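Written below as structure tokens is the structure these notes are about.
The values are calculated or read from the model by the stated rules, or taken from the named source; none is laboratory data. The structure presented is a predicted model; accordingly, all values stated were derived computationally and were not measured. Positions of Cβ are generated from backbone atoms using ideal geometry, with glycine treated the same way; all protein chains shown enter the neighbour counts. Just the protein is used for accessible areas: all its heavy atoms, side chains included, with ligands, DNA and RNA removed. Shrake-Rupley method; radii C 1.70, N 1.55, O 1.52, S 1.80 Å.
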Amino acid sequence: MAQLEMSEKEIKAAAPSVKSKRKGVDKWKTKKWYKVFAPKQFNEVEIAQTPASEPESLMGRMINVSARDLTGNIKKNQLMVQFRVNDVQGLNARTQLHAILAQAQSMKRLVRRRSTKVESSGNVICQDGARLRVKTFALCVNAVPRAAQTALRKILNQGMSEWAKEFPRDDFLKEIVLSERINQIQKDCTKIAPLKRVDVVKAIPLA
């Protein structure tokens, strides 16, 4: 019995050391908070705050911001603007425009019964030679035949290709967010079929 009591005491004595090992160092307490700023295309406004242990770990980090928050335009609610951290000075992180992405759920809510959704994807080349994969979305009021859908895709691809040629990559992405030029592409499409709207739903860089 004495031997058994001794073993229990030994176990209890060992328990705190095991617990302390599990506890370890709280890595969260070693992190610092960095302010993240948009590039000059969006007036270098603060867009986020993010934690990191070292400045180097911030490089390349992606920050997604609603286009509505950036512009105040409710019509841009479905778009997300993706920024990539490319410079860190002190506790301030600077970014570059990286991509435009639509929120899938927002786009699904636009589609109604008996309407026709026409999606088109194509590669575009910007003024500075940068290449992007751009996906557009046209929502027709009624059902339209396949031939009309093909014609709409052609107009969408041509319109985006011509638009991209006029701007360097970052300025083209800014145009997608801020410009109303997409409305002109929609007008061209209405010659084929009546539309509810036309949107850019994705613009991502190609390697």
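Residue-wise test of (1) open to solvent by 10 Å² or more (accessible area, probe 1.4 Å); (2) without any contact (Cβ under 8 Å) to a residue 24 or more places away in the chain; (3) over 21 Å from A102 (Cβ atoms); (4) not small (G, A, S).
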site: C126; (1), (2), (3), (4): no, no, no, yes
site: G129; (1), (2), (3), (4): yes, yes, yes, no
site: R133; (1), (2), (3), (4): yes, no, no, yes
site: T136; (1), (2), (3), (4): no, no, no, yes
site: L139; (1), (2), (3), (4): no, no, no, yes
site: P145; (1), (2), (3), (4): yes, yes, yes, yes
site: Q149; (1), (2), (3), (4): yes, no, no, yes
site: L152; (1), (2), (3), (4): no, no, no, yes
site: L156; (1), (2), (3), (4): no, no, no, yes
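In region 151-207, the qualifying residues are those that are of a type in the set (G, A, S) and touching a Cys at 6+ places or on another chain (Cβ under 7 Å), and the one that is nearest to S66 (Cα to Cα) is A164.
For region 46-91, taking the residues that are out of contact with any strand residue (DSSP E or B) (no Cβ under 7 Å at 6 or more places or on another chain) and basic (K, R), the one that is surrounded by the fewest Cβ atoms within 10 Å (Cβ to Cβ) is identified as K75. Of all residues in region 166-181, those satisfying the criterion of being touching a Phe, Trp or Tyr at 6+ places or on another chain (Cβ under 9 Å) and open to solvent by 20 Å² or more (accessible area, probe 1.4 Å) are E166, K174, E175, L178, S179, R181.
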